[in-house]
1. In nm, to one decimal, how far is the modelled label at Phe48 from the one at Asn175, with both set 7 Å along Cα→Cβ?
2. For Leu73 and Thr109 in one chain, what is 0.36 nm times their gap in residues minus the Cα-Cα distance, to one decimal in nm?
3. Express in nm, to one decimal, how much length is gained between Ser56 and Met32 on full extension, taking 0.36 nm for each residue of separation and deducting their alpha carbon distance.
4. Mind giving me the nanometre distance, one decimal, between the label points for Ser165 and Asp131, set 7 Å out from Cα along Cα→Cβ?
5. When only Cα pairs under 8 Å and 6 or more residues apart are kept, what is the percent relative contact order across the range 71-192?
6. Count the net charge of all other residues whose Cβ sits under 12 Å from the Cβ of Phe91, scoring Lys and Arg as +1 and Asp and Glu as -1.
7. Mind checking the range 122-200 for chymotrypsin sites (Phe, Trp or Tyr not before Pro) that DSSP puts in a loop (not H, G, I, E or B) and that have at most 12 other Cβ atoms within 10 Å?
Amino acid sequence: MYNNRNQYNQFNQNGGYAAPDNTQARLEMPTMGDLGGKQGTPWVRFPFYPTSPFTSTNPNVGTQVRFYGATLLSTDTDYTENQEAIRTVQFDIPCRLIAINAGAVDTNTDATTFENLLNCFLFRLEYTTGDKLMTSARLASTVVGSMENPGEIGGSGYTIDQGASVVLGMTPLANAPANFRIDITLVCLEIRGNRNFIGG
């Protein structure tokens, strides 16, 4: 048992930090002004692009690039104009999502067409927890890129934990070609630790 309230606070709340006796629930969300630093300069500038993911300083942790993805074809049973088709991508290894790329093509025509088929479908990505990277489905051309010009997430990327999955929502629009293929590629940096032993 704990000898006093302060000892209970120290070991059971706030990640092991002692909670002041005057701690109380906050009834309103903090404003932007509330979020600045309290000592010295409250805000500093930091580049947003290129995306700069956090990399572990643990010498036993490595990284590896992997491309995850999903496809929607006009021949799929869930393909319907103006209705969202869902594809789920599972992640067995924790990673940072660095960029989202996409391509779309009319499979019955010359692939060199200059029409921007990324304007023929809507796209969104949602995490296991319900956290939405896109707060609503957007024209794909506004939220994805290509290998030539990657659709970077920005900042430190988007963290995806081990065992989690993301939902890819693709909505083909009425202007989409009759024979349509959509490929989504998630450019990820996997964070790999020891696999068959635990260090001392």
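1. Going from the Phe48 label point to the Asn175 one covers 2.6 nm.
2. Length gained, Leu73 through Thr109: 11.5 nm.
3. Full extension from Ser56 to Met32 adds 5.7 nm.
4. That separation, rounded to one decimal, is 1.9 nm.
5. Result for the range 71-192 is 49 percent.
6. Working: positive: Arg66, Arg96; negative: Asp92, Asp161, Glu190.
Result for the local shell: -1.
7. Hits after loop and neighbour filter: Phe197.
Every read-out reported here was derived from the displayed coordinates using simple, explicitly stated rules and does not represent laboratory data. On a predicted model such as this, the values are computed, not experimentally measured, just so you know. As a convention, Cβ positions derive from the backbone with ideal geometry for all residues, glycine included, and neighbour counts pool all protein chains shown.
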